[in-house]
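Written below as structure tokens is the structure these notes are about.
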């Protein structure tokens, strides 16, 4: 027979040849994905250099002015320090609309206007306080944002993986500069800080941040240390990082009681903080020259998710308040603020700041060197808020004086910008020289021209600037022009860096995609060959069946749908739609042949249940039902499917042992053995999964078992109908397609979606209280891919073996070939889907949603594909044993 | 007008009743035209008389369409009833009307399995939509075949139509269902148009599919006649 001959010829054992094929595919996929990822997921070279105080002598800006008051410590570094002490209160995931008055938005939502204290101070004209809308750069995860805030750079997507390990920042950063320049830093709250800066803090009170369910530990820790520390004088910079709002968002969503309670709590605490600061703000007191910053590191969506680049996630806020009283009014050219009355009739103005500018601005205010890799610009509004306060006591507030004062400020600001531009220019030059893929020559030249223009202008200005009094009136416009030139230069550098750090290596991506296509080609070739071999050449056969056409259509439709962001967003419903379509066709088929109508109906019914589960899973678990009796019922319900599962397991084991006991021949049958093995391995995996996925676990396990059983049964429909006249491909394509669609439906049913905030971090803490990366990453992977990849792949032999467990013994070899073919088809479906995701990422790489939607989808699919390939390899070793 | 047509058709059918019910292409065209005109007039009525349209008032417009289309279809297809000798015209009409709710239930269930939204605000829309779909698929079949399971099975499960009446029922019905299936595809897109809502674009898809199906049925009738001529020669 051709079949057996092939099976013998290809290798000494079918097992090895099958393994080799699957391993080859796995290898190809790995290479392709590695290459593609290296081109797509952006990396940035971190430079090891650090800024030094003495560097400033190389700048064209001249040495900084000596402070007229006489410096306390005698040294002025890059810029003249404007504040002595800094209190930074970071409220994680602070949405812009938590801070800004509700009048700034179309509609007042329950969570708005809760931080009243900020409105109060921002509106008081005699207090130097202001609310800023801070725009973060994606990826908007806490680690990336803290890194971005302190280094003044643009952390790239590839760092997201580090969010678990939170490795120390080696790049030059704000905290390093603070320590380097003798500032004492105290930290409290989120322990990510101590992981990022392990040796920098004088004192730190870290609290574990990864237990998302815990709303209060970090905050209470902060609160208990914050106020007492404010009375101490042994620090210069205080950082307090509150996590409650972030966690409340993740667990309950923004529109929840817990969120509002958190915000009210913050309001109280902020009020206390300001009170303490103000009580000490007198001349010569502790907080005479202190700046308070209350800021968010990123925003969050209504569901409490963040990580992407949507406006809700990117927009956060900074509230700045200087304890020195009046500040100057910045000319409207630099001031892009908008003012509105809030609900209490107070006028609140809101300016805008890029988070990129944070490091540079704070460095300038504290008078320390800017971090080496910072590409931000000193923000005029924030700088004016504080740095306008020099020597103000010396001036009367008459209009002519205020004009003079303004000019003085502009002179200062121009100088700061000069240093700022020089530092940024130096950075991009060094970056280009030392990193593998630097900036392009054209871009560099353009930026260098802008810089040269600005510097030339400043040289011409220097002569004028030395004058004083009325003669300098003309220099006002010149100064303004100067500031504009520097600002333009810095803006274009930021622009350039944004494109640069979001630029893709197209060649690598192309090669990766090419290899992926080749692997698919090989896949198809092998499938074709196996199909040809199993078809008996003597008989006239049709290798194409209706089922095959339908499966191809469905798989292609699903794959093509990944080219659009809308379909990726609705992927759960999409998959369910396709599964329902194929299920209904199956129902029609069963009505046609008048067989297994019950099974087909049950399958359609199961799909409709899955459909509702997906919709439920997409919305966050809302408030628990009020009735206690209902809660008990909800708690007890999962026991029902658990019992059913136990019964099924008992039955299947009892059956096989029964068969073993009475008919010793049966055990030699491959099908029987495969079913036993599959049942054994599935029950091992599913128990783990059920523990990890909580209450819904048993339900989904039951659904997958029932679904798998129904598909296997329905396969018999086609088999009986067509007998041996069709090839294996035609026979198995439809059931395997159903199998894979069901698998991805289960992914969405279990409440997952293709985004990093769709990960169930809680699963990583089942059985662990502490955070340890490896076991928890494994747990998280199992939980995420368990029902959608692990169980279906390992359970696939049931599909083949089902027929044989009850029928007359067929040749083991043939069933092995069938299994081989089934695994090939399954792998092909996965590979095609992933290839289209990759194609979509290539096409949409400039899309607004690329980091929010396509990149996570890409990562999920790619990991899923590799996992499936690896599992197929394992299965080929496990199942392909000839007896 | 209707009486005149009735006389024509009966004559035609009794002639070809022996083995396969065959209608001349002109008859097929005429009956399809009547269905099409029924649809068009319902749209015209909706827009010009009641000043409602499918996009803004889907439920009421759908109701208007099926209210007009049902009598047209029932009265028309009852003329072609299969068991011409046993059952009267009125009985066929009654069968067709009975088929309407049954078909609606089937279509509503199918739509919900495929992901149609459920909820009180969608109830009326789904109800009217499924009644319309039933008008396209179940009602003509019920009028013509009655409870003949063999015929239903042949048309809808096996898709093996024999005579031109079979084609007249089978092709538009399949066209409507397939068109509706394709019509659902734009729904998830983020264009934020009102017509993307359930069941507007599905209805459009179904109607287009239905029209295409009628066209195909007419073509098949023409083709069959011409091939018969060839055979005759």
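Quick note: the coordinates plus some simple rules give every number you see, no bench work behind them. Just so you know, these numbers come straight off a predicted model, no measurement behind them. In this analysis, Cβ positions are derived from the backbone assuming ideal geometry, glycine residues included, and neighbour counts consider all displayed protein chains.
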Scoring chain B by relative contact order with C-alpha pairs under 8 Å, at least six apart, yields a percentage of 22 percent
Helix B:2-16 vs. chain B, principal-axis angle (Cα, 0 to 90°, nearest 10) | 50 degrees
Checked the stretch A:568-607 with the C-alpha gyration tensor, a ≥ b ≥ c its square-rooted eigenvalues, rounded below a/c of 1.5, otherwise prolate if a/b is larger than b/c and oblate if not; verdict prolate
May I ask you to list the residues of the stretch B:175-208 whose amide nitrogen lies under 14 Å from a point 7 Å from Cα along the Cα→beta-carbon direction of residue B:121?
-> B:194, B:197-199
Hey, rough spin-label estimate for residue A:768 and residue B:109, points 7 angstrom out along Cα→Cβ, what's it come to in nanometres?
-> 4.8 nm
Angle between the Cα long axis of helix B:89-114 and the longest principal axis of chain B, 0 to 90 degrees, nearest 10?
-> 40 degrees
Counting pairs of alpha carbon atoms under 8 Å apart in space and at least six apart in sequence, what relative contact order in percent does the stretch B:99-233 give?
-> 24 percent
Stretch residue A:532-residue A:109 to full length: gain in nm at 0.36 nm per residue minus the Cα-Cα span?
-> 145.8 nm
Can you tell me the 0 to 90 degree angle between the C-alpha axis of helix B:120-145 and the longest principal axis of chain B, rounded to 10?
-> 0 degrees
Span from the the stretch B:81-132 Cα centroid across to the the stretch A:558-593 one, whole angstrom = 24 Å
Mean separation of Cα pairs under 8 Å and 6+ residues apart, divided by the residue count of the stretch B:69-175: what relative contact order is that in percent?
-> 35 percent
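Please order A:684, A:530, B:150, A:841 by the number of other Cβ within 10 Å, starting at the fewest. Provide the component values of the computation, followed by the final result.
On the way: A:684 11, A:530 22, B:150 8, A:841 25.
With the fewest neighbours first, A:684, A:530, B:150, A:841 line up as B:150, A:684, A:530, A:841.
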Sorting A:567, B:50, A:413 on the 10 Å Cβ count, fewest up front, what's the list?
-> B:50, A:567, A:413
Ranked B:192, A:770, A:783, A:570, criterion: other C-beta atoms within 10 Å, fewest first | B:192, A:770, A:570, A:783
Run the quick spin-label model on residue A:518 and residue A:339: label points 7 Å from Cα toward the beta carbon, then report their separation in nm to one decimal.
-> 6.7 nm
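For chain B, what is the calculated [θ] at 222 nm in deg cm²/dmol (nearest 500), taking -39500 (n - 2.57) for each run of four or more DSSP H residues and dividing by its residue count? List each step's numbers first, then the result.
Numbers: 8 runs with 165 residues, N = 233.
Here the helix-only value at 222 nm equals -24500 deg cm²/dmol.
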Can you give the extra length, in nm with one decimal, that the chain gains between residue A:508 and residue A:636 once fully stretched, where that is 0.36 nm per residue apart less the Cα-Cα distance?
-> 40.8 nm
